[in-house]
Structures are given as structure tokens and as C-alpha cells.
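Below you'll find the structure, written out as C-alpha cells, and then a few comments.
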Amino acid sequence: MEQVFAPWRIEWVERDEKNPEVDCVFCAFEAEDADRENRVVARSDHAFALLNNYPYNPGHVMVIPKRHTGEYAALPEDELLDHARLKQRTLRAIEAAFAPDGVNAGYNFGRGAGGSIEDHLHAHVVPRWEGDTNFMPVIGDTKVIVEALEETYDRLHGAFGELEGAHESDESGRAIRFG
Ligand SMILES: [Zn+2]
């Protein structure tokens, strides 16, 4: 028995219908000036860090190149390096904000590997604790999950802001900027 609870996937579908010209949710979030609402927590020249709306654990972040491609080999070197640097910063921010026992970091390329959005690359960075279980099915309450995501956003936003090279935005509703 597996109960999947994903209210944001419904929101994402609705978003696609509202903006038919933008058929990729990652591209839509990257382009919009609504970082807090979209839970974009940090940005660099060629990438951005987005809280996963269906987190395995609190603090589950996706680091996403701006370029719309599902081909890892298609990323030019400067974009690859910029994306890797933002992954480093994401790891440091997660460690500072949550002090996990460990972290999983990686990609799901293709549906056979568990990928859901196949045509826009994204690296998962997931804090882990000894004996943890998948957070969403355990909680399973929309209001609690939304509150948890908002708290996670604030903690990570603060942790990114403490990192070397971070530029605090003037408005608290904006992602932390690097580069
Ligand atoms: Zn895209």
C-alpha cells in the first residue's frame, strides 16, 4: 500500500494551464519574480536552488540549471561549473541549517530511474537522518506540510545568506544571490 500525497503537483498542472506558453515548471519558476511563493531559495548566474514541494525529508532541495535541457552532456562548461558551485553551497547551507547525519545528492535520469520531470535537469540534495522515513506520507497533512516548507525556506534562506559570496537581496521575498 503506497499513498502518494502531492497537492503541489496539482498546482503545477494548474500553472501549466494558466501559462500555456510556458510548459516547463522549472523554466516558469526561474523566470518569475516570485521566489518566496515559488520556494526558489538561492540563485546563481546559470542555476537556481528550489525547495522540493514533495520532499523526501525537510530541507530537500533541487539545484537546477537555468538552461532547459534534459541532457547533462549538453551543459556548456561555464554552466556546469556554476551549477556545481551552487550544489556545493546548497550542501553547506543544508548542513548549517539542519545538521543532518548525512546527505544524498544526485540525479534521476529518465523514468526508469525514478525521474518525473525528464526534460529539465535537476540535482536532488536530500538531508538524511539515521532511521528517517519518507516525510510526506508520514505527515500527510497539507497545512502541516506547507508550514514545514515555509519554515524550511526561512532556515535555508538564512543559511545561504551566511555563505561566502552571498548577496542578500533587499527584499526578504527574494532568493539569495551568488555571483
Ligand atoms: Zn525548463
Residue ranges of DSSP H helices in the chain that stretch 15 Å or more (Cα, own long axis) and have mean Kyte-Doolittle hydropathy of at least -1.0 are 77-98, 142-162
Highest-fluctuation residue, LEU51, LEU80, LEU91 considered, GNM on the chain with Cα pairs under 10 Å: LEU80
Between the DSSP loop rule and a limit of at most 10 other Cβ atoms within 10 Å, which GluC sites (Glu not before Pro) in region 47-118 are left? GLU71
10 Å Cβ shell holding at most 15 others, DSSP loop, chymotrypsin sites (Phe, Trp or Tyr not before Pro): longest site-free stretch of the chain: 6-106
Going by the alpha-carbon gyration tensor, a ≥ b ≥ c the square roots of its eigenvalues, is the chain rounded (a/c under 1.5) or, if a/c is not under 1.5, prolate (a/b greater than b/c) versus oblate? rounded
In debye to the nearest 20, how big a dipole does the chain give about its Cα centre with +1 on each Lys and Arg Cβ and -1 on each Asp and Glu Cβ? 340 debye
Nitroxide proxy distance, nm - points 7 Å out along Cα→Cβ at ALA96 and ILE139: 2.3 nm
Per the helix-only calculation at 222 nm, which mean residue ellipticity applies to the chain, given -39500 (n - 2.57) for every DSSP H run of n ≥ 4 and division by its residues, nearest 500 deg cm²/dmol? -12500 deg cm²/dmol
Options TYR54, VAL103, SER116, ranked by Cα towards positive dipole end of the chain, top entry (Cβ charges): VAL103
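Just so you know, all these numbers are worked out from the coordinates, no wet-lab data involved. Being a predicted model, the structure only gives us computed values, none of them experimental. Every residue, glycine as well, gets a Cβ built from its backbone with ideal geometry; the counts of neighbours run over all protein chains shown.
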